[in-house]
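Peer 1: Would you mind keeping the following structure in view while I ask a few things?
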Amino acid sequence: MSQDNKNLGWAPFVVGFILAFSVGWIFFSKHFVVPPLYGKLQQPVSFSHKVHTETAGMTCEDCHYFRPNGVWAGIPSIEKCAECHEEPQGESKEEIKFINTYVEPRKEVPWLIYSREPKNVFFSHAAHLTIARFKCKVCHKDLGYNDKPPVYVYSKLSKYNQQYVIVMEDCMRCHKKFDVRNYCFTCHK
Amino acid sequence: MLTRRDFLQFIVGGTIGTLFSPLPWRMADEMALFSQRWTYQPPKGKENWVHAVCQLCPGGCGLKVRKIDERVVKIEGNSLNPINRGGLCPLGAAGIQLVYGDHRRIKKPLKRVGKRGEDKWEEIEWSMALNVLLERLQELRKSGKGHALACIDGYGNTLISGLIKRFCQAYGTPNYFSMGVADEVSSLAIRAMQGHDGCIGFDLENSNYILSFGSQLWEGWGIPVRMQILYSHIYGNPNRPKAKIIQFEPRMSDTAAKVDEWVPVKPGTEGALALGVAHVIVKEGLYNQEFVTNYTKGFESFKKRVLEKYAPHKVAEITGVAKEEISRIAREFAKAKFPVAVWGRGKGDIPCGFYEVMAIQSLNALVGNINRKGGVICFKDVVNEWWSAFGLDNTAKSTLKKGRADGGGHLSLLHKFSENVKNKKYPIEVLVTFEANPCYAAPDPVSFKQALENIPFIVSFSAFMDETTKHADLVLPTAFFLERWDGITTPKGLQYPIFGVSRPVLKSAYDVKHPADIILFISKKINGLSQAMPWDNYKAVLITVAKKIYEKGEGKIGNFPLPGSFNAMWEKLNENIWLNPDVKREGFKTASGKFEFIPAGFDVPRYEPWQLKGDKKEFPFTLIPLQCLMLTDGYMASAPYMMKALASTILIKNDLVVEIHPATATKCHLMDGDRALLKTPFGEAQVRVRFSEGINKEMIAIPIGLGHKAYDEYLKDKGINAHEVLGYAEEKFTGIATWALSRVNLIKI
């Protein structure tokens with residue numbers, strides 16, 4: 001055994017630490033979005049909430065409302081878009097493309113939904129809007145105020161979206177705060 | 001050069017580095033989310049809700065069925081249905097498991113290839129299966145041996161049941177047997193005392209004093225959901241006038257625990273108790289003078305008999321109920337405004353004795369509540385009324401004259417059938433079972449199975465591979481509930497007639513046919529039967545009945561009056577049931593036009609002890625059945641979910657648990673949880689014992705509904721079949737068999 005080898009000291013530890021630390025942060029943090037765990041998608045249409053609310057003066061409820069039977073309508077259908085966009089509003093390229101691809105053939109836009117709850121969760125908009133009288137932004141943050149749709153970052157393993165997502169802990173914290181039923185079966189029917 | 005030490009340092013550094021990065025936390029989270037998908041995920045597709053009516057028991061609850069595309073994913077109660085008002089019983093809620101029960105259902109017509117009961121089959125086509133059956137039936141009829149056909153019907157009082165009866169008549173066989181003997185006994189007693197057929201309903205909703213002679217009201221008696229609603233109504237609704245319920249039962253069942261008073265009684269002596277109550281009412285002159293004078297006959301003889309023989313101290317000796325109790329209850333009962341006495345043991349399917357029913361109905365006559373609010377309501381059901389008369393040909397006439405295989409006249413005495421066929425006293429050449437499971441649920445099923453050895457050809461109409469189907473030569477798979485047209489008629493104990501139609505909600509995944517359609521098809525092919533069975537299919541039968549109701553114009557659909565046109569009514573019938581709460585009540589149709597305490601050809605109501613097999617010395621204790629809502633008996637066996645919900649007071653692993661009083665257990669040197677050998681004159685089985693002070697001394701209670709040897713992995717070989725050890729006790733006079741009690745011994749092993 002030579003003298004040199006003994007002089008390596010803390011170096012292997014530091015190298016190992018930095019390497020693992022970087023790999024962990026680069027590949028497994030949603031801030032960088034580097035494959036293979038994460039993927040990035042763009043919305044099919046560059047929709048601006050800001051234009052609709054500020055320029056066109058619409059409110060959230062104009063598009064996201066309860067159907068007459070009390071069911072939450074969610075993302076509006078193409079019929080709803082066509083009410084205004086039958087004719088192009090402005091002359092942008094995106095607008096023309098939107099009308100040609102979706103409005104004319106009445107094809108539903110395959111929106112990527114940020115807050116789609118998994119199938120084992122029962123969530124009622126009616127309970128949160130009508131009874132608890134929540135504002136949209138309590139859960140959906142600034143999603144309804146942006147000019148460009150945020151990039152849809154999702155995990156390739158679990159297929160879950162990584163932004164604007166409400167996880168069980170958030171639900172439970174809020175249920176606890178407002179002292180409402182917080183049993184398993186409240187959401188997991 | 002990297003040394004071992006450097007390498008380890010590198011690994012440790014890497015590990016710590018990883019812990020300071022999001023990797024482990026992220027991956028843990030990802031795995032949790034990813035593995036969520038391993039469990040059941042609802043199918044994707046279009047959701048729709050369809051209405052149907054439950055057929056899993058004769059109750060006929062309204063259902064709302066949730067479908068995703070073609071797949072049924074949920075069954076809920078229909079809140080607009082006046083009977084179940086949105087409620088559902090455990091069997092109904094687990095109904096999908098039966099429909100999609102891949103291991104229970106029969107997928108194609110089967111022909112036996114191995115030995116009987118060996119469970120080896122060859123799949124055949126429907127045309128071939130029907131040809132085999134048809135040839136056999138034609139041949140039998142041609143050779144003048146029509147009576148050698150026996151049919152066992154598991155439907156109870158329904159339209160399909162009516163079709164089978166009609167088929168048997170037209171074919172020329174007197175050997176029609178029903179699995180619902182309990183109903184036959186009640187009908188016979190009512191026919192004797194009141195002179196008419198039809199339904200007997202108890203207006204419990206309006207009653208304020210209920211004497212229940214062993215009826216487990218809250219555990220599936222009559223229509224389970226109706227009774228549950230009634231329970232919450234009586235004990236939970238402050239606006240309802242107070243009602244008092246007295247439960248006479250040998251064991252503290254859930255019902256006994258949840259009513260006002262539980263009065264323990266020796267099993268099988270309920271008839272004597274009713275007469276004891278009658279004694280007090282008569283002696284103290286508490287009976288309804290107006291009713292008894294104007295509407296009854298034979299009261300004097302009845303009075304003489306009960307005063308002579310059934311004084312409370314004598315009855316106390318027979319029944320084990322204190323004489324003061326009997327007197328007190330009799331006084332309360334007679335003084336109540338709307339009293340009613342109810343019979344129908346257990347869930348109502350364990351037969352009562354003929355004289356027992358007469359004794360209990362006499363109580364109702366004494367307080368004059370027959371056909372009055374809160375009492376016993378008698379009326380004619382659509383199913384009894386609508387069948388048209390038909391002529392019989394000479395072949396049928398001649399074979400119908402031959403006696404029945406059970407030697408009886410009106411009742412389905414399956415235990416005598418087994419005995420006669422086993423001893424070759426009566427030739428049966430073809431046996432057809434219609435969704436019935438006598439190899440499991442007949443009185444003394446062991447001897448029934450032995451009788452099958454003397455029957456050359458057995459055909460089973462069944463949706464499931466049950467015990468009886470396993471012993472068949474030809475298996476015809478029937479469409480199951482939700483897959484077929486169904487007609488719902490008045491269920492047991494309801495006080496007004498109903499009629500409902502359930503259209504097929506889904507297409508069966510298997511190659512099955514409607515049982516009634518097969519009967520109609522066969523009838524068309526056999527000479528001389530077509531006049532009696534003119535309908536093309538079962539739907540046509542339902543339409544004819546619905547038309548009959550429409551023409552009469554009485555009643556309503558749900559809460560709405562009958563629509564203006566028949567088509568509109570037919571559409572509405574698919575969403576809700578027809579009912580007629582203002583039904584015309586059936587008056588007394590006896591020769592005297594009155595209620596007869598001594599019917600022609602019968603004696604005054606008396607206490608008839610059950611004839612028990614076995615010696616009292618060898619079998620010192622009494623075995624009684626235990627029924628609960630989570631267990632079903634017979635053909636419609638418990639669903640897997642129900643098995644999962646069984647308490648450890650009934651089943652521990654695969655061991656059946658019997659209930660015993662600690663004092664009795666001490667006599668047998670048994671401790672709580674011990675294994676023991678249960679021995680009766682009919683058979684023996686290994687069980688575990690459980691101490692309970694809610695059961696009379698010298699008594700053992702055994703749960704009914706387990707111990708299947710067929711169906712699927714969830715049911716098979718779990719516990720023991722109580723019918724095999726309970727066997728039967730016979731009423732001497734009528735030959736009725738009940739499995740309400742048996743002699744037994746318990747031996748420590």
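Peer 1: Estimate the FRET efficiency between residue A:131 and residue B:115 by the formula 1/(1 + (r/R0)^6), using the beta-carbon distance for r and 51 Å for R0, to the nearest 0.05. Mind dumping the intermediate values first?
Peer 2: Details: r = 66 Å, r/R0 = 1.30.
According to the calculation, E is roughly 0.15.
Peer 1: Hey, another quick one. Taking H placed 1.01 Å from N in the peptide plane, check which residues at least 5 places from residue B:296 or on another chain put their amide H under 5 Å from its amide H.
Peer 2: B:595
Peer 1: Taking amide hydrogens as modeled 1.01 Å from N in the peptide plane, which residues meet the under 5 Å criterion relative to residue B:73, leaving out close sequence neighbours?
Peer 2: B:66, B:67, B:68
Peer 1: Report the label-to-label distance for residue B:79 and residue B:647 in nanometres (one decimal), using points 7 Å from each Cα along the Cα→Cβ vector.
Peer 2: 3.1
Peer 1: Across the residues of A:22-29, average count of Cβ atoms on other protein chains within 10 Å?
Peer 2: Numbers: counts 2, 5, 12, 5, 1, 4, 9, 4.
That average works out to 5.
Peer 1: What angle, in degrees between 0 and 90 and rounded to the nearest 10, separates the Cα long axis of helix A:11-28 from the longest principal axis of the Cα atoms of chain A?
Peer 2: 10
Peer 1: In addition: Counting GluC sites (Glu not before Pro) as exposed when in a DSSP loop with at most 16 other beta carbons within 10 Å, what is the longest stretch of chain B free of them? Can you show the working numbers first?
Peer 2: Details: sites that count: B:70, B:118, B:125, B:284, B:453, B:554, B:618, B:693, B:698, B:713.
Answer - B:285-452.
Peer 1: While we're looking at this one, here's another question. Going by alpha carbons, how many degrees (0 to 90, nearest 10) lie between the helix axis of B:515-525 and the longest principal axis of chain B?
Peer 2: 60
Peer 1: State the Cα centre-to-centre distance between region A:1-68 and region B:575-615 in whole Å.
Peer 2: 80
Peer 1: Using the Karplus equation 6.51 cos²θ - 1.76 cosθ + 1.60 (θ = phi - 60°), what ³J(HN,Hα) coupling, rounded to whole Hz, does each residue of region B:223-236 give in order, writing x for Gly and Pro?
Peer 2: Taking θ as phi minus 60°, the curve returns 9, x, 5, 4, 5, 5, 5, 4, 4, 5, 6, 5, 9, x Hz for region B:223-236.
Peer 1: For region B:252-261, in order, what is each residue's ³J(HN,Hα) by Karplus, 6.51 cos²θ - 1.76 cosθ + 1.60 with θ = phi - 60°, in whole Hz (x at glycine and Pro)?
Peer 2: Those phi angles translate into 7, 6, 4, 4, 4, 6, 10, 10, 5, 9 Hz.
Peer 1: Rounded to the nearest Å, what's the spacing between the alpha carbon centres of region B:672-725 and region B:1-54? Just the number, please.
Peer 2: 47
Peer 1: What size of dipole, in debye to the nearest 20, comes out for the protein assembly as shown about its Cα centre when the only charges are +1 on Lys and Arg C-beta atoms and -1 on Asp and Glu C-beta atoms? The partial results should precede the final answer.
Peer 2: Working: 121 positive and 98 negative charges, 159 e Å.
Here the protein assembly as shown has a charge dipole of around 760 debye.
Peer 1: In sequence order, what are the phi-derived ³J(HN,Hα) couplings for region B:585-599 according to the Karplus relation 6.51 cos²θ - 1.76 cosθ + 1.60 with θ = phi - 60°, rounded to whole Hz, with x for glycine and proline?
Peer 2: 7, 7, x, 6, 10, 6, 4, 7, x, 10, 6, 9, 5, 10, x
Peer 1: Would you mind checking the pairs B:283/B:594; B:115/B:617; A:50/A:156; B:470/B:679; A:80/B:67; B:258/B:644 and listing those with alpha carbons more than 32 angstrom apart?
Peer 2: Working: B:283/B:594 22 Å; B:115/B:617 41 Å; A:50/A:156 30 Å; B:470/B:679 27 Å; A:80/B:67 28 Å; B:258/B:644 24 Å.
Check vs 32 Å cut-off fails for B:115/B:617.
Peer 1: Also, quick follow-up: Counting other Cβ atoms within 10 Å of each Cβ, which trypsin sites (Lys or Arg not before Pro) in region B:346-410 have at most 11 and sit in a DSSP loop?
Peer 2: Details: sites: B:347, B:372, B:373, B:380, B:397, B:401, B:402, B:404; in loops: B:347, B:372, B:373, B:380, B:401, B:402, B:404.
Qualifying residues, ordered by number: B:401.
Peer 1: Give B:653/B:709; B:449/B:513; B:667/B:748 a once-over and call out the pairs whose C-alpha atoms are over 19 Å from each other.
Peer 2: Numbers: B:653/B:709 16 Å; B:449/B:513 27 Å; B:667/B:748 10 Å.
Exceeds cut-off: B:449/B:513.
Peer 1: Would you pull out the residues with amide H under 5 Å of residue B:81's amide H, same chain only if 5 or more places away, H placed 1.01 Å from N?
Peer 2: So residue B:81 has HN proximity to B:86.
Peer 1: Under a straight-distance cross-link criterion of Cα-Cα below 18 Å, which aspartates and glutamates are reachable from residue B:716, leaving out those fewer than 8 residues away in the same chain?
Peer 2: Here the aspartates and glutamates satisfying the reach criterion relative to residue B:716 are B:102, B:118, B:119, B:466, B:467, B:633, B:655, B:724.
Peer 1: Any idea what angle helix A:168-177 forms with the longest principal axis of chain A, computed on alpha-carbon atoms, 0 to 90 degrees, nearest 10?
Peer 2: Once rounded, one gets 70 degrees.
Peer 1: Need the C-alpha centroid separation for region B:421-478 versus region A:93-140, integer Å.
Peer 2: Cα centres, region B:421-478 to region A:93-140: 60 Å.
Peer 1: In addition: For labels at residue B:235 and residue B:570 in the simple 7 Å Cα→Cβ model, what's the distance in nm?
Peer 2: Distance between the two pseudo-spin positions: 4.6 nm.
Peer 1: To continue, here is another question. I want to check a number: in region B:285-370, how many lysine pairs have alpha carbons closer than 23 Å, given a sequence separation of 8 or more or different chains?
Peer 2: 12
Peer 1: Let me ask something additional. Over chain A, with a Gaussian network built from C-alpha contacts below 10 Å, which listed residue (A:126, A:20, A:56) shows the highest mean-square fluctuation?
Peer 2: Looking only at A:126, A:20, A:56, the largest GNM fluctuation is found for A:20.
Since every read-out is calculated from the coordinates, none of them should be taken as a lab result. On a predicted model such as this, the values are computed, not experimentally measured, just so you know. Positions of Cβ are backbone-derived with ideal geometry, glycine not excepted, and every protein chain shown enters the neighbour counts.
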